[in-house]
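The values are calculated or read from the model by the stated rules, or taken from the named source; none is laboratory data. Note that the structure is predicted; figures quoted are calculated from it, not measured. Quick reminder, even Gly has a Cβ in these numbers, built from the backbone with ideal geometry, and neighbours come from all protein chains shown. In case anyone asks, the SASA skips ligands and DNA or RNA and just uses the protein heavy atoms, side chains included. Shrake-Rupley method; radii C 1.70, N 1.55, O 1.52, S 1.80 Å.
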Amino acid sequence: QVQLVETGGGSVQAGASLRLSCVASGSEFSDHNLAWFRQAPGKERELVAAIDWSGTGTHYHHSVTGRFFISRDNPSQTAYLRLNSLIPEDTAVYYCAAALNWGRVVGGHPRVWGQGTQVTVSS
């Protein structure tokens with residue numbers, strides 16, 4: 001079982017960039033598919049981006065395609081989310097999540113969740 005800790009959130013102006021990191025501890029990181037979700041105040045949690053265990057397959061929410069980029073480094077057990085051209089609508093708590101099954105990740109039901117990191121974008 002992996003445990004996940006996110007870092008890298010913050011408060012920025014519109015147009016800025018951030019890089020979120022998700023560091024995993026425990027075993028079998030390289031077997032897990034990973035994803036970033038976000039939850040804005042008063043809204044449901046939504047899938048932002050996902051990456052498969054090998055790092056070759058990715059999936060993005062339509063609202064972030066071309067602006068956000070997910071990646072992973074299995075030797076360091078770290079996943080990343082690069083957020084470019086941020087807009088106020090990107091303001092949310094961002095969560096890293098993992099599952100052995102790709103369907104669970106993209107379906108919004110991963111097995112493991114991090115504690116979240118706040119991203120705030122002001123206009």
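Restricting attention to region 66-92, the residues being of a type outside the set (Asp, Glu), within 23 Å of residue 42 (Cα to Cα) and out of contact with any Leu (no Cβ under 9 Å at 6 or more places or on another chain) number 4. Restricting attention to region 58-83, the residues being hydroxyl-bearing (Ser, Thr, Tyr) and out of contact with any strand residue (DSSP E or B) (no Cβ under 7 Å at 6 or more places or on another chain) number 3. Is it the case, given these coordinates, that residue 73 is among the acidic types (Asp, Glu) and either over 17 Å from residue 22 (Cβ atoms) or within 13 Å of the chain's Cα centre (by Cα) (or both)? Criteria not met by residue 73.
Across region 46-55, what is the total count of residues that are surrounded by fewer than 16 Cβ atoms within 10 Å (Cβ to Cβ) and out of contact with any helix residue (DSSP H, G or I) (no Cβ under 9 Å at 6 or more places or on another chain)?
As a first pass, look at region 46-55 and keep what is surrounded by fewer than 16 Cβ atoms within 10 Å (Cβ to Cβ): 46, 54-55.
Narrowing the set further to residues that are out of contact with any helix residue (DSSP H, G or I) (no Cβ under 9 Å at 6 or more places or on another chain) leaves 46, 55.
Residues flagged as surrounded by fewer than 16 Cβ atoms within 10 Å (Cβ to Cβ) and out of contact with any helix residue (DSSP H, G or I) (no Cβ under 9 Å at 6 or more places or on another chain) within region 46-55 amount to 2.
Filtered by the rule that a residue be within 17 Å of residue 101 (Cβ to Cβ) and open to solvent by less than 50 Å² (accessible area, probe 1.4 Å), region 56-71 gives a lone residue, 57. Note on region 7-45: residues that are assigned to a strand (DSSP E or B), modelled with pLDDT of 95 or more, open to solvent by less than 50 Å² (accessible area, probe 1.4 Å) and not aromatic (Phe, Trp, Tyr) amount to 11.
Within region 79-107, the only residue that satisfies the criterion of being of a type in the set (S, T, N, Q) and surrounded by 15 or more Cβ atoms within 10 Å (Cβ to Cβ) is 91. In region 30-55, the qualifying residues are those that are in contact (Cβ under 8 Å) with a residue 60 or more places away in the chain and hydrophobic (A, V, I, L, M, F, W, C), and the one that is farthest from residue 77 (Cα to Cα) is 47.
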